[in-house]
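The values are calculated or read from the model by the stated rules, or taken from the named source; none is laboratory data. Bear in mind the structure is a predicted one, so any value in this text is a computation, not a measurement. Quick reminder, even Gly has a Cβ in these numbers, built from the backbone with ideal geometry, and neighbours come from all protein chains shown. These area figures cover heavy atoms from the full protein model, side chains too; ligands, DNA and RNA do not enter into them. Shrake-Rupley method; radii C 1.70, N 1.55, O 1.52, S 1.80 Å.
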Amino acid sequence: MPHDTTLHLVQITNQHDVAPELRQELIDCWMVVTNAGGAAGFPFPPVGQDDVAPIADKLLSRLDPQQSRLLIAQADGVLAGWVILNRDPYRLVGHWGTVHHLQTHSAFRGRGVGSALVHELRKIARDELGLEQLHLAARGSEGLEDFYGRLGWREIGRWPGALRLSPHDTRDEVLMILAPL
């Protein structure tokens, strides 16, 4: 992909709007990102179709205009990245949303795909869902705190040693917030 290719961002709020080809692209992207060492929800690569497809289907089945949105980035008709935004239905915490599984296909890394997805997700959260803040949890020691920090997020806490990737690799889970939107 040329570096100057325009990204097309598409929001999906219903699983029936996900064509079989897009479903497979989402699964393929998740496998590529995970198997390249990305912190996208599967901590123990390698993963294959049988690992990722059921989880992707579960995420897609939860899409709902008021509770869960999928935002995809396409470049020249090819999936470049994606992210999920969830909103809790309970009034007590209904003013904030949670960001899950932000990922950029490795073929598109370093081209602003992740940043574009986060910027657009922020607008959707604020303007369409009326949210006041976004939360996420990130795997420590991956540089994710810096990435999100450049986009206005701030660290609000850590669960020290929460993520055990191997007997000799234990990481913090980093809690982050984006507010105000």
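If you check Gly114, Gly161, Gly152 for being over 27 Å from Gly94 (Cα atoms) and of a type outside the set (D, E, K, R), only one passes: Gly161.
Beta carbons closer than 7 Å, at least 6 apart along the sequence or on distinct chains, pair a first residue in region 156-181 that is without any contact (Cβ under 8 Å) to a residue 12 or more places away in the chain with a second that is loosely packed, with under 14 Cβ neighbours inside 10 Å and part of a strand (DSSP E or B) for Thr170/Gly161; Thr170/Arg164. Once region 49-65 is narrowed to residues that are more than 18 Å from Gln103 (Cα to Cα) and among the charged types (D, E, K, R), the residue that is surrounded by the fewest Cβ atoms within 10 Å (Cβ to Cβ) is Asp50. Consider only pairs whose beta carbons are under 7 Å apart and that are at least six residues apart or on different chains; among these, list those whose first residue lies in region 13-26 and is farther than 13 Å from Gly81 by Cα and touching a residue at least 12 places away in the same chain (Cβ under 8 Å) and whose second residue is open to solvent by less than 60 Å² (accessible area, probe 1.4 Å) and aliphatic (A, V, I, L, M). Going by the 7 Å Cβ cut-off, the qualifying pairs are Thr13/Leu63; Asn14/Leu63; Gln15/Leu60; Gln15/Leu63; Val18/Ile12; Val18/Leu60.
With respect to the conditions (1) outside any helix (DSSP H, G or I); (2) open to solvent by 30 Å² or more (accessible area, probe 1.4 Å); (3) closer than 30 Å to Pro167 by Cα; (4) touching a residue at least 24 places away in the same chain (Cβ under 8 Å), Ala40 falls short on a single one, namely (2).
Testing Phe108 on (1) among the aromatic types (Phe, Trp, Tyr); (2) surrounded by fewer than 20 Cβ atoms within 10 Å (Cβ to Cβ); (3) closer than 23 Å to Met31 by Cβ, one condition comes back false. Which one is that? Exception for Phe108: condition (2). Among the residues making up region 71-96, a single one is in contact with an Asp or Glu (Cβ under 7 Å, 6 or more places away or on another chain) and more than 17 Å from Arg126 (Cβ to Cβ): Leu79.
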